[in-house]
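Shown next, in structure tokens, is the structure this report addresses.
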Amino acid sequence: MGHSMGYLKFAGWAVACAMLVAPAMSPAGARAENLTDETRAMLKALKFDESMMSGLDKELELPAGWLDAAKKEGTVSIYTTMEQKDWNKAEKVFRARYPGINVEHSEVKTTTQRTLRPLVAFKEGRPLVDVITGLSGNSFLFRDAGAFIDLNDLPNYRNNIPDELKVSDNITAIFRVRYWCIGYNTNKIKEADLPKTWDDLIANPKVWGNKHLGLGNRPNNWLVNLYTVNGEDWGRKYMDGLFKLNPQLRKEGLNGLLSLVAAGEMDAVIPAAMDRVAQIRQTGAPVGHYCPEPVPFAVSELGVMKNSPHINAAKLLTNWLMSKEGQVALFYANDATPAHKGLQGKEFVAFPEQIQGKKKAIAEDRDGAEEDALLKYWEALWLKGSGGPSPK
Amino acid sequence: MSAETLPGWRTAGFRLRFPRPSTLWHGAVFIVVATCVLAPLTLLILGSLSDARMPTDIDLSHLSFAHYREVWGDSSTYALFYNTFVYVAGAVAVGISIAVSLAWCVERTDMPGKVWIYAGVPMTLAMPGMLQAMAWVLLLSPRIGFINQFLQGLFGLENPPFDVYTLPGLIFVEGLRLVPTAFLMLIPLFRSMDPTLEEAAAMSGASPASAVRKVTLRLMLPGLVAVLIYQAVSALEVFEVPGILGMPAGLNVFSTKVYSLLHSATGLPYYGQANALAMLYLVIAVGATWAYARVIAKSERYTIVTGKGYRPRLFKLGRWRSAPAALAVAFLIFSILLPLLVFLYVSFLPYVQVPSVAAFKSMTLKHYVEVFHRDLIGTALWNTFVLVVVASTATVVLSFLVSLVIVRSKFWGRKLLDQLAFAPHAIPGIVMGVAFLWLFLQADKAGLALYGGLTSIAIAFTAGYISYGTRVMNAAILQIHKDLEEAAYVSGAPHWRTMWRIFYPLLLPSFIGVWIWTMLHVVRSASLPLILYDGQKNQVISVLIWNMWDDGSIQLVGAIGVMMILVLLALTMAIRVIGFGRAPKMQ
């Protein structure tokens with residue numbers, strides 16, 4: 001029941017935000033903020049009104065001494081899953097805001113690499129990186145090691161991130177959200193065959209069975225959310241049904257799978273990120289994004305390393321990433337949907353019709369034992385499906 | 001007294017024996033090789049016994065056989081055995097059959113155009129297995145395969161005639177990949193065979209086919225078995241082909257299973273199980289290598305290679321003279337031309353689609369433009385260049401030093417050194433990667449920042465390739481008569497001068513050969529760097545291509561693939577022209 005309550009809280013929060021944001025977005029509510037040229041150029045490129053940044057000056061007010069200390073440190077390093085060319089777009093806006101602070105960005109593809117090495121270095125007392133994003137359910141390792149700082153002293157974490165998306169010890173922060181649903185080839189799947197609910201999907205092996213469906217090895221992006229809403233029994237039964245469809249279990253990454261859907265190698269793939277589908281669609285590829293109800297709503301977390309030698313610069317960057325300017329910059333960089341309470345308009349969502357009026361499913365127990373048990377069940381099915389020993 | 005006849009250790013009653021300064025380096029070479037081979041393997045074993053989820057949390061008081069029980073106790077492990085056996089046996093059968101046919105034709109028949117086969121077949125080494133597998137997805141996938149679509153359209157077939165996501169599909173692609181190396185290994189076997197035995201068979205009334213079956217093949221058997229085992233180990237270790245073609249269909253072999261365990265949905269890899277599985281793999285591979293060593297040792301009995309100068313009798317093919325050329329052309333089409341064409345095609349598309357008028361109309365150059373504008377591609381190319389130079393040079397130097405100790409010294413551990421140097425061949429790339437990952441993470445713990453960088457990949461490659469390097473160097477050094485060195489020593493030449501004036505010029509072709517072989521393998525291999533690299537700054541081109549494929553940038557992979565294949569082809573051709581310019585005389 002606690003899970004359903006979480007969903008209701010989120011739905012209530014979204015409605016409340018929309019009501020709060022609406023006046024602020026209107027020209028009457030706008031007031032001139034201290035925008036840099038880069039921010040103006042970014043807003044112009046996105047065709048957003050400058051009024052969107054209302055309240056930015058207040059958001060960028062920092063506790064005394066932070067900025068000077070950060071400038072003294074001069075550098076901050078960050079691991080993300082973003083391509084360098086995308087990150088560069090966001091970084092340009094940051095540099096214009098905080099000149100003199102150099103950002104060393106690394107696109108680190110695998111979870112292991114984003115997790116393992118920083119933890120090893122931390123345990124040995126050696127700083128390796130200041131900020132890590134894309135924790136993919138591994139934040140418990142950093143929690144166990146006491147590796148992340150408490151983010152509650154970051155004003156924009158406190159004020160801009162919905163409480164429902166915070167973890168109780170505040171060691172990680174949500175900085176972007178994504179809707180993970182079904183990416184499908186519009187030439188192969190008829191609209192009438194799209195399932196209304198997730199259960200409808202596994203009940204229709206004629207359309208979705210026999211290798212027509214591709215699965216990516218990322219249940220934490222969607223299934224954990226659905227399980228949160230529907231419960232453990234449902235989660236296990238659903239996985240059994242899903243694997244009985246005999247889907248293609250692909251080693252490619254989720255973006256790679258979408259390209260294969262566009263090529264027709266499979267009719268559809270789960271999970272598919274809404275923004276990525278939109279990007280591929282722009283090339284003319286016959287792809288669409290469809291969300292059965294409830295809509296899996298996943299979050300990307302970041303953490304700041306406790307032993308960071310650039311702790312002030314790291315806090316400054318993290319705080320900025322959760323400001324309106326930072327959030328829009330991330331959207332500008334690679335269509336990342338903001339987590340910021342004040343940026344929940346449909347202009348940040350590629351297929352708004354897929355989420356409007358539909359229930360959303362958030363994973364509340366992102367780090368807990370229940371999720372771990374569910375993922376292990378998935379892992380066993382995944383490895384069994386490919387003929388090998390399953391982890392116990 | 002020659003250098004090698006002097007004892008490396010003084011013996012005087014019960015006094016401690018000290019190595020002579022001039023032989024200290026023997027011990028140093030031994031330690032380097034032993035460290036490179038035994039240290040990662042020790043950690044691999046420890047990891048398979050440890051219950052720690054992270055490699056750095058190994059606690060010797062928490063060791064158990066739990067991971068072995070999990071791996072052995074699961075019936076699906078035995079499905080892996082079956083898949084792996086069929087895949088390896090099939091690939092080797094395809095690869096060796098084609099290679100034997102081609103090698104026999106160029107060496108023992110009067111077929112036309114031999115020089116093109118001598119030049120063309122080894123050139124297929126330039127096609128990385130990873131790109132070959134990706135190309136065959138686009139050609140023979142039952143859903144989008146261009147060949148399937150074409151044949152279905154042409155003959156009105158309801159179902160696609162080919163499916164590359166099957167064991168035969170894997171066998172076909174891996175079999176093609178094995179051909180060039182097998183061809184290069186078989187050529188000397190055919191060339192150095194004593195023809196008098198065949199002639200004797202012919203004199204006794206045996207038909208040519210019977211002579212081939214009863215004499216030629218039987219004489220070649222030990223050598224052929226050695227090549228076969230070598231190739232089987234190569235097929236066992238390859239991850240790229242089964243990773244791309246097997247995994248989507250649930251056809252796992254050992255290497256893909258180890259990969260899956262290392263890329264878990266739950267976040268952290270299942271190192272313990274991956275290591276326990278890798279240990280099984282290791283036992284199989286070591287067994288195969290042991291068999292290889294036995295066959296090599298026994299092969300002397302057959303004395304098919306003698307010091308006599310002769311040319312084997314050429315079989316006259318008559319009206320079948322063009323058949324071998326057709327086989328070679330077919331091989332080159334499947335190995336290079338078709339993959340190259342498919343990459344060329346997709347590299348111009350905005351998104352991957354089957355050939356059509358609309359597809360050709362939508363073609364764009366943007367992916368080629370992007371290649372030159374992506375910083376990461378430049379970084380990966382530079383890293384690959386550095387890695388190639390460092391790993392290839394280190395392999396040549398270390399192999400030479402190891403072989404010098406093995407062949408020319410009386411060092412106490414030279415036989416063990418020989419076995420240690422050859423052992424890495426038995427260790428599949430992905431297993432080697434896991435073993436080195438554990439080693440470098442421990443080194444990281446000790447403050448040696450090796451993990452993730454190019455140095456770590458270069459060390460792992462060098463350790464892996466000295467097995468090939470030392471085989472070549474052992475043979476080459478054995479061919480240099482000791483009189484030459486002794487003459488130099490008698491004339492008062494110091495060690496370094498003897499090396500420079502005697503060994504260097506005589507061994508230069510072997511140095512170049514090993515360097516090129518290593519270079520091609522370093523560029524092609526993805527399994528080891530995929531495990532060991534960390535961060536985009538340390539990506540090499542094979543990893544970049546793998547990640548791009550994973551990330552859906554198939555068209556960009558096409559553009560890079562086309563350029564990479566053309567550059568490698570040009571390079572191998574240039575090397576053949578410069579280094580083996582006398583090839584036409586071989587006819």
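A short reminder: the numbers here are calculations on the coordinates, not readings from a lab. What you see is a predicted model; the values in this text were computed from it and never measured. Please note: Cβ atoms are built from the backbone with ideal geometry, for glycine as well, and neighbour counts cover all protein chains shown.
Evaluated with a Cβ-only charge set (Lys, Arg +1; Asp, Glu -1), chain B carries a dipole of roughly 2020 debye about its Cα centre, given to the nearest 20.
With neighbours defined as other Cβ atoms within 10 Å of a residue's Cβ, the residues B:Ser553, B:Ser48, B:Ser207 order from fewest to most as B:Ser207, B:Ser553, B:Ser48. Across peptide B:251-257, the average count of Cβ atoms from other chains found within 10 Å of a residue's Cβ is 3.
Counting, for every residue in A:117-125, the Cβ atoms of other protein chains within 10 Å of its Cβ and taking the mean gives 4.
First select every other residue whose beta carbon is under 14 angstrom from the beta carbon of A:Lys237; then total the charges, Lys and Arg +1, Asp and Glu -1. Net local charge, A:Lys237 excluded: -2. Residue order for A:Trp378, B:Trp290, B:Trp517, fewest other beta carbons within 10 angstrom first, comes to B:Trp290, B:Trp517, A:Trp378. Our coupling estimate for the stretch A:141-156, obtained by passing each phi through the Karplus curve with A = 6.51, B = -1.76, C = 1.60 and θ = phi - 60°, is 5, 6, 5, 4, 7, x, 8, 9, 7, 6, 8, 5, 8, 8, x, 6 Hz, Gly and Pro reported as x. The amide H of B:Thr109, built 1.01 Å from its N in the peptide plane, has B:Phe315 as neighbours under 5 Å, considering only residues 5 or more places off or on other chains. Full extension of the segment from B:Asp110 to B:Leu314, taken as 0.36 nm per residue of separation minus the current Cα-Cα distance, would add 72.8 nm. Summing charges over neighbours of A:Leu154, with a neighbour being any other residue whose Cβ is under 15 Å away from its Cβ, gives -2 when K and R count +1 and D and E count -1.
Each label point was placed 7 Å from the Cα along the Cα-to-Cβ direction; for A:Glu104 and B:Lys361 their separation is 5.2 nm.
Estimated from the Cβ-Cβ distance and a Förster radius of 25 angstrom, the FRET efficiency linking B:Val386 and B:Val567 is about 0.95.
Applying the Karplus relation 6.51 cos²θ - 1.76 cosθ + 1.60 with θ = phi - 60° to the stretch B:373-384 yields 3J(HN,Hα) values of 10, 8, 4, 4, 5, x, 4, 5, 5, 5, 4, 5 Hz, where x marks Gly and Pro. Ordered by the count of other Cβ atoms within 10 Å of each Cβ, fewest first, B:Phe422, A:Phe297, B:Phe65 give B:Phe65, B:Phe422, A:Phe297. Of the residues B:Ala394, A:Gly264, B:Val238, the one whose Cα sits farthest toward the positive end of the charge dipole of the protein assembly as shown, with +1 on the Cβ of Lys and Arg and -1 on the Cβ of Asp and Glu, is B:Ala394. Taking every residue in A:101-110 and counting other chain Cβ atoms within 10 Å of its Cβ, the average works out to 4.
Where both partners of a DSSP beta bridge lie in the protein assembly as shown, what percent of those bridges are antiparallel, to the nearest 5? Antiparallel: roughly 55 percent of the beta bridges in the protein assembly as shown.
Comparing A:Val207, A:Val76, A:Val129 in a Gaussian network model of chain A where C-alpha atoms under 10 Å apart are linked, the largest mean-square fluctuation is found at A:Val207. Each label was represented as a point 7 Å from its Cα along the Cα-to-Cβ direction; for B:Met499 and A:Glu347 these points are 6.9 nm apart. Converting phi to 3J(HN,Hα) with the Karplus coefficients 6.51, -1.76 and 1.60 and the offset θ = phi - 60°, the stretch A:124-130 yields 8, x, 10, x, 10, 8, 8 Hz in sequence order, with x at every glycine or proline. The stretch B:456-495 and the stretch B:313-357 have Cα centres lying 40 Å from one another. Each peptide among B:430-438, B:338-346, A:54-62, B:396-404 gets the average number of other Cβ atoms lying within 10 Å of its residues, and from highest to lowest they stand as B:430-438, B:396-404, B:338-346, A:54-62. For the residue pairs A:Lys109/A:Lys384; A:Lys85/A:Lys306; A:Lys92/A:Lys315; A:Lys47/A:Lys358; A:Lys190/A:Lys376, the C-alpha atoms sit more than 23 angstrom apart in A:Lys109/A:Lys384; A:Lys85/A:Lys306; A:Lys47/A:Lys358; A:Lys190/A:Lys376.
Once you reduce the stretch A:102-136 and the stretch B:117-136 to the center of their Cα atoms, the two points are 37 Å from each other.
Using only Cα atoms and rounding to the nearest 10 degrees, what angle (0 to 90) does helix A:111-123 make with the longest principal axis of chain A? In chain A, helix A:111-123 runs at an angle near 50 degrees to the longest axis. Computed from the C-beta positions of B:Ser97 and B:Gln479, the FRET efficiency with R₀ = 41 Å rounds to 0.85. A cut-off under 10 angstrom between Cβ atoms defines the neighbours of B:Gly429, and their net charge, with Lys, Arg +1 and Asp, Glu -1, is -2. Relative contact order, whole percent, for chain A stands at 25, derived from Cα pairs under 8 Å and 6 or more residues apart.
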